[in-house]
Amino acid sequence: MKIALCVKQVPDTDDIKWTENNTMQREGVESIINPYDVYAIEAALKLNGQITVYTMGPLQAAEMLKSIIALGADKGVLISDKKFAGADTFATGKTISAAIKKDMPDLIICGQFATDGDTGQTGPCIASLLGIPQVTFVKEIIECSDNKVKVLRVLEDGEEKVEVTLPALICILKSDFEPSRAKINGIIKAQETEIEVLTLEDLDLTADEAGIKGSPTYVSKAFRPEVKHFGQKYEGAEIIYDKLKEIGVING
Ligand code: FAD
């Protein structure tokens, strides 16, 4: 079974920097694997398949792909081109789906959300553009055969089991298991594996369909909400004790 795993790098910081187009600056910023994607990776590793990891991002994301190969994935594809910059979720979905289509898998696994953009739209967008079924909010893959996947999905008021025919896309939620750690053989394999880089030219997309040009939405303004501090800071046990006594929290 061929599995495409979509993993996003997100900034490892609360100090978000913005470009002049009101988009997030990603190059040169410390990054981590999107926390939801850690669970998507685990779900993929538990299946007995050939895993190709896809990420759309700056060239520095190649290292992240290698770290997932070290965990057990087989290949890494980095979708990277300056012309992809400024992509909204639609253009992102379109670009990633064009890359996946080059080697159509049986199952596509995404995380449910990315902690920076947090729209949860990318997975569903990829599935609709590829014309395949999708199941979101998946807590567990119950079973997966050559032509079907059965999953447990979380609803607001309970859970349901859903079975879909492959090819299909599933979006994975946070789960209870411990993330895997890379073993030495995996690390050696990752070092020896070349990451495939796909640019706009390699995809069946025009420049007008990618990046900011291919994005039907735009960010008109980005700002940090004002933080209102209602509390007061006191230092020293005695002062805190007196203050707590004054407002009646402690007696004596
Ligand atoms: P979600 O949809 O919440 O992610 C869900 C899952 O989709 C993830 O867990 C992962 O499995 C998969 N996924 C999401 N993104 C990727 C990816 N890149 N590679 C592989 N898998 C992925 N972002 C920029 O980096 N640079 C920009 O210049 C930029 N400009 C933007 C301009 C506009 C107008 C808008 C609206 C957004 C812009 N963004 C930009 C944000 C970018 O569109 C989103 O980060 C991206 O579409 C993913 O959406 P999300 O973060 O909500 O992910």
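For region 219-234, does any single residue satisfy the condition of being in contact with a helix residue (DSSP H, G or I) (Cβ under 9 Å, 6 or more places away or on another chain), open to solvent by less than 90 Å² (accessible area, probe 1.4 Å) and farther than 23 Å from THR89 by Cα?
Yes: region 219-234 contains one or more residues that are in contact with a helix residue (DSSP H, G or I) (Cβ under 9 Å, 6 or more places away or on another chain), open to solvent by less than 90 Å² (accessible area, probe 1.4 Å) and farther than 23 Å from THR89 by Cα.
Picking from VAL219, VAL197, which residue would you name as being touching a Ser or Thr at 6+ places or on another chain (Cβ under 8 Å), under 20 Å from CYS125 (Cβ atoms) and either of a type outside the set (Val, Ile, Thr) or not in a helix (DSSP H, G or I) (or both)?
VAL219
So VAL151 fits all but one of (1) surrounded by 22 or more Cβ atoms within 10 Å (Cβ to Cβ); (2) within 12 Å of the ligand (Cβ to nearest atom); (3) assigned to a strand (DSSP E or B); what number is the exception?
(2)
Is it the case that some residue within region 164-176 is of a type outside the set (Gly, Ala, Ser), farther than 22 Å from VAL7 by Cα and part of a strand (DSSP E or B)?
yes
Are there any pairs with C-beta distances below 6 angstrom linking a residue in region 118-142 that is open to solvent by 40 Å² or more (accessible area, probe 1.4 Å) to a residue that is within 8 Å of the ligand (Cβ to nearest atom) and polar (S, T, N, Q), with the two at least 6 apart or on different chains, and if so which?
THR119/THR89; GLN121/THR89; THR122/THR89; THR122/THR92
Cβ-Cβ distance below 6 Å, separation of 6 or more or different chains: which pairs start in region 38-58 with a residue that is within 19 Å of ILE195 (Cα to Cα) and end on one that is of a type outside the set (A, V, I, L, M) and part of a strand (DSSP E or B)?
So the pair list comes out as GLN50/LYS2; THR52/LYS75; VAL53/GLY76; TYR54/CYS6; GLY57/GLN9.
Can you tell me which residue within region 103-124, out of those that are aliphatic (A, V, I, L, M) and within 11 Å of ALA40 (Cα to Cα), is nearest to the ligand (Cβ to nearest atom)?
ILE109
Looking only at region 170-187, how many residues end up being away from the ligand (no atom under 16 Å from the Cβ), of a type in the set (A, V, I, L, M, F, W, C) and either open to solvent by less than 30 Å² (accessible area, probe 1.4 Å) or more than 24 Å from THR122 (Cβ to Cβ) (or both)?
So the count comes out to 3.
With respect to LYS161, is the statement that it is in a helix (DSSP H, G or I) and open to solvent by 50 Å² or more (accessible area, probe 1.4 Å) true?
no
Kindly indicate whether PRO167 is surrounded by 15 or more Cβ atoms within 10 Å (Cβ to Cβ), under 27 Å from SER97 (Cα atoms) and not aliphatic (A, V, I, L, M).
So PRO167 fits the description; yes.
The values are calculated or read from the model by the stated rules, or taken from the named source; none is laboratory data. Here the structure is a predicted model, which is why all the values come from computation and not from measurement. Because the Cβ atoms are built from the backbone with ideal geometry, glycine has one as well, and the counts that use them run over all protein chains shown. SASA here: full protein model, heavy atoms, side chains in, ligands and nucleic acids out. Shrake-Rupley method; radii C 1.70, N 1.55, O 1.52, S 1.80 Å.
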